[in-house]
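Below is one structure, written out as structure tokens; the observations come after it.
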Amino acid sequence: MKRSEYLKSFRLRIFIVIVIAVLVSATVMRVASGANLRDRMLDQRTKELTEQIRVLASRMKNYDFFRDTSSEAINSQLSQLSTVYEGRILVIDQGFRVISDTYDISVGKYMIGEEVIRCYSGQNVTNYDRSSRYIEVAVPVTEKDGVTGEMMVGGVILASAATDAILRTTDDISRRGWIIEIVLVVVMIGIGAGVASLMAKPFERVSKAMGSVVSFEEDLPVVSDYKETQEIVDSFHKLRQRLKTLDESRQEFVSNVSHELKTPIASIKVLADSLNMQEDAPLEMYKDFMHDISDEIDRENEIITDLLELVRMDKGSSGMHVENIKVNELLEQITKRLGPLARKSEIDLILESRREVNADMDEVKMTRAITNIIENGIKYNKHPGWVRIVLDADHQYLTITITDSGTGIPESELGHIFERFYRGDKSHSKEISGTGLGLAITRKTILLHRGSIDVSSVLGEGTTFTVKLPLSYIEGGR
Ligand code: ADP
């Protein structure tokens, strides 16, 4: 498979989608859970520390620690807490002076930090300093004012606790998470590859089945894994049916053509052979036979001309030479040209133009098409008889109706007369000349002009052909 083809493969794309989905969800989960865990643990630790300091604050009150910092119990608790929390505890009095420091560095110094000031308004202050990785907690120690009896802040306990242990734990968990994630991603990619190939299978089956079809009769597989695959198979089946019909009609056409082309040749051969075999054939006989041979050649010529015309028209509307023409004049010319043939058969040709009509059409092709219909009216008629041609139009379409007083067409034949090489029973028995291609050419011409042709007939009374054509030609006819 070429590289670009491989990139377009359904299987690869599904695989890529699965991999992206796995990676994205794994990353989101890791980031969310990792950050969450750290935040929760820090929060927990802050609360714990605040609680401890608050307990300490209330004990300080009892021991009156702000006036006498020598209390053993409080000092030992202070150092114990600072050890447990790996931090430092400062006790600051109302005058912002440090009266106790577990590090023993700042006793006697003044500390006017933001937390301390906020704490003096009675709030607990907690803060996590991300850069130094310390939790800071400031808790006010409240006591009753000896004079007014109101609660007032007697001092502040400022405690900090290291978060290294927490960060170590969360880092450790996240490292383990990474490993699990990598393993999971690898496993999921494996599963993804499997799933992608499983999902692509039905399409591969469809393509394999279609590729291996060699005959029209072969059964197609049912690939109902997906609605889409079954639709592809069904569409393929329909296409195959259409091709089959096309193939059958092509074969029939070829065999008809060969048969029709062979008939005059066979007659010529018989005529020539009988002349050859007869010694001293009289000149009269030669002339007679040669006349027949010439007729057969004319017929052959007629078939070939008609066939070429049809084949040319099969190519579509590309060979059309459309001009705006006067349809009344066109019909007059046709009837004039067919006059002698009609008179010979004692047929009265009547042309009735209800109005002046101009329309876009290929004059040569349309002349041929209309001539075919009128000629048929003359050929398949009683003697004497008539053929009436009526031209009418509205603002969009023109209508030409051609009615004859002829033999009519049996109901069973009506559906076939436009088929190539179709000739009615009577036409054969009566030995009326024709190729069976005339109406096929007519119909094709009319369709190329985006028009329609209809026929109605009463046996023994006559036939009417109705041709409807648009006045303006639209490119792209059938
Ligand atoms: P053909 O060369 O046989 O005339 P067409 O394609 O023109 O071929 O016509 C096909 C058949 O339709 C004819 O053989 C004939 O049986 C029948 N047909 C056509 N036009 C008429 C008509 N006006 N009256 C009776 N039958 C007709």
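The values are calculated or read from the model by the stated rules, or taken from the named source; none is laboratory data. Treat the numbers as computed from the prediction; the structure is a model and nothing was measured. Counting neighbours? That spans all protein chains shown, and the Cβs are built from the backbone with ideal geometry, glycine included. For the accessible areas, the whole protein counts, side chains as well, though only heavy atoms, and no ligand, DNA or RNA atoms are used. Shrake-Rupley method; radii C 1.70, N 1.55, O 1.52, S 1.80 Å.
Things worth noting here:
- Any hit, the stretch 409-416, residues being modelled with pLDDT of 95 or more and within 24 Å of LEU351 (Cα to Cα): no
- Matching helices (runs of 4 or more DSSP H) fully within the stretch 1-103 where at least 2 residues are at pLDDT 85 or above and within 30 Å of GLY190 (Cβ to Cβ): 10-63
- Within the stretch 194-245, the residues that satisfy the criterion of being within 15 Å of PHE10 (Cα to Cα) and among the aromatic types (Phe, Trp, Tyr) are PHE203, TYR226.
- For the stretch 450-470, a residue qualifies if it is more than 15 Å from VAL387 (Cβ to Cβ) and either modelled with pLDDT of 95 or more or of a type in the set (Val, Ile, Thr) (or both), and the qualifying residues are GLY451, SER452, ILE453, ASP454, SER456, VAL458, LYS468, LEU469, PRO470.
- Close Cβ contacts (under 8 Å, 6 or more residues apart or on different chains) running from residues in the stretch 451-470 that are free of Cβ contacts under 8 Å to residues at least 12 places away in the same chain and at negative phi to residues that are within 11 Å of the ligand (Cβ to nearest atom) and assigned to a strand (DSSP E or B) comprise SER456/THR463; SER456/THR464.
- Just one residue in the set THR401, THR442, THR435, THR407 is within 16 Å of the ligand (Cβ to nearest atom), touching a Gly at 6+ places or on another chain (Cβ under 9 Å) and among the polar types (S, T, N, Q); that residue is THR407.
- Filter result (open to solvent by less than 20 Å² (accessible area, probe 1.4 Å) and assigned to a strand (DSSP E or B)) within the stretch 378-392: GLY385, VAL387, ILE389, VAL390, LEU391
- Out of TYR63, TYR85, TYR110, sole residue that is within 23 Å of GLU143 (Cβ to Cβ), surrounded by 12 or more Cβ atoms within 10 Å (Cβ to Cβ) and of a type outside the set (D, E, K, R): TYR63
- Residue that is farthest from the ligand (Cβ to nearest atom) [pool: residues in the stretch 452-466 that are part of a strand (DSSP E or B) and exposed (fewer than 12 other Cβ atoms within 10 Å of the Cβ)]: ASP454
- Filtered residues of the stretch 269-313 (kept if in contact (Cβ under 8 Å) with a residue 40 or more places away in the chain and either assigned to a loop (DSSP other than H, G, I, E, B) or under 16 Å from ILE441 (Cβ atoms) (or both)): GLU302, ILE303, ILE304, ASP306, LEU307, GLU309, LEU310, MET313
- Check on THR27, open to solvent by less than 40 Å² (accessible area, probe 1.4 Å) and of a type outside the set (Phe, Trp, Tyr): no
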